[in-house]
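The values are calculated or read from the model by the stated rules, or taken from the named source; none is laboratory data. Quantities reported herein were computed from a predicted structural model and do not represent experimental measurements. Cβ sites come from the backbone with ideal geometry, for glycine too, and all protein chains shown count toward neighbours. Remember, those area values only see protein heavy atoms, side chains included, never the ligands or the DNA or RNA. Shrake-Rupley method; radii C 1.70, N 1.55, O 1.52, S 1.80 Å.
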Amino acid sequence: DYPKDKCIHQLFEEQVEKTPDAVAVVFAQQLTYQELNTKANQLAHYLQKLGVGSDVLVGICVERSLEMVVGLLGILKAGGAYVPLDFAYPSERLAFMLSDAGVSVLLTQKHLQNVLPQTSAPIVYLDQDWDTIAQHSNHTPNSTAQPHSLAYVIYTSGSTGQPKGVMISHRALCNHMLWMQTEFPITPKD
């Protein structure tokens, strides 16, 4: 049994309500659940103004960082689905993935701009543009995402060598994450 009627970001929001001051993520610095939620909400409102909504694909190409977690949650809270892009991939592969997925917005960091291929999608720099993003509401945005909506699209190498996008719904992600928590529990000590 798992909550078939919820999206993954809603489960996160439930945790924020339970433990707002607990540390949620650590990477050089740390954010509490409330701080992470606030930043993700601000980004979600910003993305919605750029047209992100249910099943709209948003590319995210960042180094491991607090910004990465804020970016993923912000995309989901806006109702969109993320497409993870590895900046170490060859430019041609990244260009194919951006085009094939029809990415509507690309989240990245300013220092990665030179490794990314040209795209017609608006680019949001999670580091450089944060002052603008932070001016948006910190309240939970209205989202049209449903459990059957896309949460993310991940590209595999494909049996032919051509990358193939695999679409994952919120329902499938919730099921997987709750199974993992049952089988391999993460505690506040982790």
Might you check whether a residue that is under 22 Å from Ile8 (Cβ atoms) and open to solvent by less than 40 Å² (accessible area, probe 1.4 Å) occurs anywhere in the range 118-128? yes
Could you give me the residue pairs with C-beta distances under 7 Å whose first residue belongs to the range 12-30 and is closer than 22 Å to Ile75 by Cβ, whose second residue is loosely packed, with under 11 Cβ neighbours inside 10 Å and basic (Lys, Arg) wherever it lies, and which are 6+ apart or on separate chains? Phe27/Arg64
Among the residues of the range 141-170, which ones are open to solvent by 80 Å² or more (accessible area, probe 1.4 Å) and either of a type in the set (Asp, Glu) or not in a strand (DSSP E or B) (or both)? Asn142, Thr144, Gln146, His148, Ser159, Thr160, Gln162
When you scan the range 171-182, do you find a residue that is in contact with a helix residue (DSSP H, G or I) (Cβ under 6 Å, 6 or more places away or on another chain) and of a type in the set (Gly, Ala, Ser), even just one? no
Could you check how many residues of the range 9-31 are touching a strand residue (DSSP E or B) at 6+ places or on another chain (Cβ under 6 Å) and either among the β-branched types (Val, Ile, Thr) or open to solvent by 40 Å² or more (accessible area, probe 1.4 Å) (or both)? 4
Just checking, how many residues over the range 106-152 are hydroxyl-bearing (Ser, Thr, Tyr), more than 18 Å from the chain's Cα centre (by Cα) and at pLDDT below 95? 2
What pairs come up if the first residue lies in the range 115-138 and is free of Cβ contacts under 8 Å to residues at least 60 places away in the same chain, the second is of a type in the set (Lys, Arg) and open to solvent by 50 Å² or more (accessible area, probe 1.4 Å), and their beta carbons are under 8 Å apart, counting only those six or more places apart or on different chains? Tyr125/Lys110; Gln128/Lys110
Does the range 53-61 contain any residue that is without any contact (Cβ under 8 Å) to a residue 40 or more places away in the chain and not acidic (Asp, Glu)? no
Given the conditions (1) in a loop (DSSP other than H, G, I, E, B); (2) modelled with pLDDT under 90, report the number of the one that Leu178 does not fulfil. (1)
If I go through the range 63-77 residue by residue, how many of them are farther than 16 Å from Gln146 by Cβ and within 11 Å of the chain's Cα centre (by Cα)? 8
Would you confirm whether any residue within the range 84-96 is within 13 Å of the chain's Cα centre (by Cα) and either over 23 Å from Glu14 (Cβ atoms) or open to solvent by 10 Å² or more (accessible area, probe 1.4 Å) (or both)? yes
